[in-house]
Amino acid sequence: FNTDRFGQHILKNPLVAQGIVDKAALKSTDLVLEVGPGTGNLTVRILEVAKKTTVVEMDPRMAAELTKRVQGKPAQRKLDIMIGDFCKTELPYFDVCISNTPYQISSPLVFKLLSHRPLFRCAILMFQREFALRLLARPGSPLWCRLSANVQLYAKVDHVMKVSRNSFRPPPQVESSVVRICPINPPPAIRFEEFDGLARIVFTRRNKTVRSCFQASGVLPMLESNWKTLHAEKEVPLDTSVPFASKVDAILTGTGYSDQRAAQMDITDLLELLSAFHDALIHFS
Ligand code: SAM
């Protein structure tokens, strides 16, 4: 029985399982999405409260166990099992997402949920402790990074509880944490690819100044090529009277971010800088 292929660490501690479901504060009208239900230790508790639960499980043997577990019980009618890879599945409407999935899909899981429409109310998700701490990191702190900024642009993230590796069978190698992610509704009107494009440049050299982040190899040619493409699309003539590098420098100096340490940039700073670049028709994606 290969538990590694699907990252199958079953949550055996009933107090933790109940705690996770309680923290979701489910209503009897809620439609719940659970990713990777395994044998259903969270699922049966969700089914006690929610109106309907859709689970996405990749391992057919696990799905079969879960089916058996609810067979003939009232909960059976409230459960929809989709067999397949969550990352490739078209999601139904849901109010709340609950998941303890393998840590390999942490990032795709968060971004798939945040880009799903209509927006859900909140998600209660178990992650490897380090990943959870990066989601929660505040600007300027040692763990503040591209992931923190990208997620906090769209959502409020709270720490819910720590979970010891001994709560699982078999125990994973790492400690875990449960976090709550509540999307900001309405979401900020900014294309993710643009914000992420800037975040990637800034956080790749997080201890340098913002100016030197833009001097990293490949950055200026990429921005210049986007700048030219956008001018062509909009049929605006290119102003080539000053070198492209000087244009970028003028934006960084003009906004006052040139000498700032990249790691100190908070979301408002990043949005302000992005908007100054956009005003000059310089895009990041
Ligand atoms: N949620 C259960 C629990 O807490 O006991 C099981 C947890 S186990 C860590 C992860 C589960 O996610 C396994 O059942 C595994 O088969 C499933 N899984 C792994 N990758 C998946 C994917 N990409 N899409 C859907 N399910 C996946």
Diffing the stretch 241-251: the Karplus 3J(HN,Hα) column from phi (6.51, -1.76, 1.60, θ = phi - 60°), in whole Hz with x for Gly and Pro, holds 5, 10, x, 4, 4, 6, 4, 4, 4, 5, 5
Quick one: dipole size for the stretch 205-285, taken about the Cα centre, charges +1 on Lys/Arg Cβ and -1 on Asp/Glu Cβ, in debye to the nearest 20. 380
Show the residues, 5+ positions off or on another chain, whose built amide H is closer than 5 Å to the amide H of Asp30. Lys51
Considering Cα pairs under 8 angstrom that are at least six residues apart, work out the relative contact order of the chain and quote it in whole percent. 16
DSSP loop GluC sites (Glu not before Pro) in the stretch 220-275 with at most 16 other Cβ atoms within 10 Å of their Cβ, which ones? Glu235
Hey, can you rank 85-91, 35-41 by average C-beta count inside 10 Å, highest first? 35-41, 85-91
Given a cut-off of under 8 Å on Cα pairs at least six residues apart, what relative contact order in percent is computed for the stretch 123-278? 26
Highest-first arrangement of 137-143, 172-178, 94-100, where packing means the average Cβ count within 10 Å: 94-100, 172-178, 137-143
Cα-based Debye curve of the stretch 1-150 sampled at q = 0.13, 0.18, 0.19 Å⁻¹ gives log₁₀ I(q)/I(0) of -0.58, -1.11, -1.23
Could you give the Stokes-Einstein D for the stretch 52-112 in µm² per second, using the C-alpha Kirkwood radius, 10 °C, 1.306 mPa s? 125
Within the chain, what percent of beta bridges assigned by DSSP are antiparallel, to the nearest 5? 45
Out of residues 5 or more away from His283 or on other chains, whose amide H comes under 5 Å of its own, with H placed 1.01 Å from N in the peptide plane? Trp227
Based on DSSP H runs of at least 4 residues, each adding -39500 (n - 2.57), what is the mean residue ellipticity at 222 nm of the chain after dividing by all its residues, to the nearest 500 deg cm²/dmol? -11500 deg cm²/dmol
Give me Rg over Rh for the stretch 66-222, both radii from the alpha carbons and Rh done the Kirkwood way, two decimal places. 1.04
For the stretch 196-236, compute the orientation-averaged projected area of the C-alpha convex hull (one quarter of its surface), in nm². 3.1
Given all pairs of different Cα atoms, what value in angstroms does the Kirkwood hydrodynamic radius of the chain take? 20.9
Take every Cα pair under 8 Å in the stretch 188-284 that's 6+ residues apart, average their separations, divide by the length, and report that relative contact order as a whole percent. 47
Report the dimensions of the stretch 137-196 along its three principal axes from the alpha-carbon atoms, largest first, rounded to Å. 43, 25, 19
Where does the stretch 152-282 land on Rg/Rh, using Cα atoms and the Kirkwood Rh? 1.12
From the Cα centre of the stretch 191-244 to that of the stretch 88-114, the distance in Å is 31
Kindly give Rg over Rh for the stretch 1-61, based on alpha-carbon atoms, with the Kirkwood expression for the hydrodynamic radius. 0.99
Per the charge dipole of the stretch 71-141 (beta-carbon charges, Lys/Arg positive, Asp/Glu negative, Cα centre), the residue among Val96, Phe127, Phe111 reaching farthest to the positive end is Val96
Rounded to the nearest angstrom and ordered from largest down, what semi-axes does the equivalent ellipsoid of the stretch 215-285 get from its C-alpha gyration tensor (root of 5λ)? 22, 13, 11
Taking amide hydrogens as modeled 1.01 Å from N in the peptide plane, which residues meet the under 5 Å criterion relative to Phe168, leaving out close sequence neighbours? Lys12
Express in whole angstrom the spacing between the alpha-carbon centres of the stretch 1-57 and the stretch 119-153. 21
Mean Cβ count within 10 Å, highest first, over the residues of peptides 187-196, 149-158: 149-158, 187-196
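Here, each number is a calculation from the coordinates, and none is a lab measurement. Source: prediction; values computed, not measured. So basically every Cβ, Gly included, is an ideal-geometry build from the backbone, and we count neighbours across all protein chains shown.
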